[in-house]
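The values are calculated or read from the model by the stated rules, or taken from the named source; none is laboratory data. Just so it is clear, the structure is predicted and the values come from calculations on it, not from any experiment. When we count neighbours, we look across all protein chains shown, and the Cβ atoms used for this are built from the backbone with ideal geometry, even at glycine. Side chains included, ligands, DNA and RNA excluded: accessible areas come from the protein's heavy atoms. Shrake-Rupley method; radii C 1.70, N 1.55, O 1.52, S 1.80 Å.
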Amino acid sequence: EIIKEIHRERPNKYRRTRSVERCSREMGIAGVFSVEGEDWQRQRKVVATALNPKNLRAFFPRLKKTSERLLNRWQRCAQDGEEIDLCRELMRMTVDVTTQLAFGMDFNTIETNGPVIQRHMDKVFPMMHQRTNAPFPYWRYFKLPKDRALDRALTGLKEEVDTIIGNVRERMKKDRALYDSPTNFLEAIISAKETEGVDFSDQDIFANVCTLLLAGEDTTANTISWTANYFMQKPECLDRARDEIDQLLGKAPLPQEIDCLANMPFLEAFYNESMRLKPVAPLGAVEPLDDADILGFEIPRGMVIMTLHRHIACQEQNFGEGSKFQPQRWLSDTGSSSCPHNTAAFIPFGVGPRFCPGRNLALLQIKQILCLLIKNFDIELCNKDNAVKERLAFAMMPSELVVRIKKRA
C-alpha cells in the first residue's frame, strides 16, 4: 500500500531520483521517462496521445508484416539448425516495430544488419544505467574510453534523428492530411506542436523519440524472452497454450487481425506470471520533494527510496505460494485468504500518474510474437547445464539464453 501511495503521489510529492534526470539531460535525452514537474506534465499528454489504442489498431498491419519477416527468418534458422541468442534476436523485431511506430520508416533489422541508429542506441542504455548509479560523476572531469564512445554515439544519434525529423516535416508539408491523421509517433508530436500550439521544442521531440526507442526495444524483448524460457521449463503449459492458439488461428501461422489477440486467457495468464516473477523493472527509485513520514519513519527530502516491485509480487500475503510459477492463478482473480491473489501488488508497468504509456504497445507485441513462436516452433536451450541468469542494466534481462529453434513437431 505504501509503494502504491508513493506512486500515486507522483509527481507532486515524489519524483524519480535526481541522478536520472541529470544524466538524461547531460545526454540530451530528457524525455517523458526522466523529466519531472511541469516538464513531465507538458510532455506526457502529447506522448500518451501518440500511443493511444486507436493509433495502435491502425498500426497493426505493419506489426503483422514485421512478424511475417521474423517467421521467415526463424524458419531459415530452424532449417539450418542455427543457435541464437533469443534476447538479441527478439530485439531485431522490437527495433523494427518501434522505429516504424516512431518514424513510419521500415528499417528491416530482421533481414539486414540493422540501421546505424540502432548501433548508436546500443551504447546509450548501459551507460545510462552506470551513470545514474555511479557514486561520483567522474565523466564531468575526465573521460574514459567508454565515455568517449558514448559521446560519439550521442552525436551520431542526434544527426540521424534530426535528419529523420526533417524528412518527416517535409513529408507532412506535402501531405497536409497527415496533420489531421498522423500515422506515427513523430507525426503525432509534430502535428500537436504545429496545429495545436503545444509547447514542444525540437529537443523535446528528439528526447522523446529516443525514449520510445530505448524503452520499446529492451523491455518488450526481455519480457518475451523470460516467458519463452518458462515455456521451455513447463511443457504441459506450452501444450495448453498451443491448443488455445490453434483454435483461434486455425491454419494461419500468426494472427492476421488485431482482434485475434483479444481472447487468449491462458497465454495472458502465462505471460502475467512471467512478468510477476521476472519483471523487467524489479525495483524503482524515487525521492521525496519534502520531508516525508513513511510507516512512522522520517524520510528527509531528497533521500533515495527503493520500491521493491518484484518483492511485493512474491510475498505470500499477496500471492499464494508466491515464489512458485503458477499461471493458473491468473485464470480466476477472486482470491481467498488461503490462496491470495492480490493483483494490486502486481505493477510491471508502474501505477499512478506515471503509469507506462507504452503498455498497450508492449502487450500487443508480446502476444503477437508469442503466438508466432508457439504456433510454429519448438525451442530448446543449447546449454542445458547452465541456468539462465538475471542481468540488470536499467531493465532486467536474461543472460545466456541461447536457444536452438526447430520446426514444430
Calculate, for Asn167 and Leu283, the FRET efficiency according to 1/(1 + (r/R0)^6) with r their C-beta to C-beta distance and R0 56 Å; round to the nearest 0.05. 0.90
Which of Arg404, Arg359 is most accessible, then next, and so on - probe 1.4 Å: Arg359, Arg404
Whole angstrom only: what separates the Cα centroid of region 138-196 from the Cα centroid of region 61-100? 25 Å
Reported to the nearest 10 Å², Thr219 has, with a 1.4 Å probe, an accessible area equal to 40 Å²
Taking all protein chains as present, what is the carbon and sulfur share of the accessible area of the chain, in % to the nearest whole number, probe 1.4 Å? 50 percent
Provide Asp385, Asp39, Asp218, Asp175 ordered by accessible surface of protein heavy atoms (probe 1.4 Å), highest first. Asp385, Asp175, Asp39, Asp218
What figure, in Å² to the nearest 10, do you get for the accessible area of Phe355 with a 1.4 Å probe and non-protein molecules left out? 70 Å²
How much accessible area per residue does the chain have, counting only protein heavy atoms and a probe of 1.4 Å, in square angstrom? 46 Å²
Hull volume per residue for the chain, using the convex hull of the C-alpha atoms, in Å³ is 159 Å³
Give the cross-link partners of Lys13 among the lysines, using a straight C-alpha distance below 17 Å as the criterion and excluding same-chain residues fewer than 8 apart. Lys4
With every protein chain left in place and a probe of 1.4 Å, what is the accessible surface of Met93, to the nearest 10 Å²? 0 Å²
Nearby lysines by direct alpha-carbon distance to Lys406 (threshold 26 angstrom, same-chain neighbours under 8 apart not counted): Lys64, Lys65, Lys234, Lys251, Lys278, Lys367, Lys375, Lys384, Lys389
Förster-model FRET efficiency, 25 Å R0, Arg408 and Asn113, C-beta, rounded to 0.05: 0.30
Suppose R0 equals 35 Å. What FRET efficiency, 1/(1 + (r/R0)^6) with r the Cβ-Cβ distance, do Ile2 and Arg88 give to the nearest 0.05? 0.40
Using only Cα atoms, what is the ratio of the radius of gyration of region 183-241 to 2.2 N^0.38 Å? 1.83
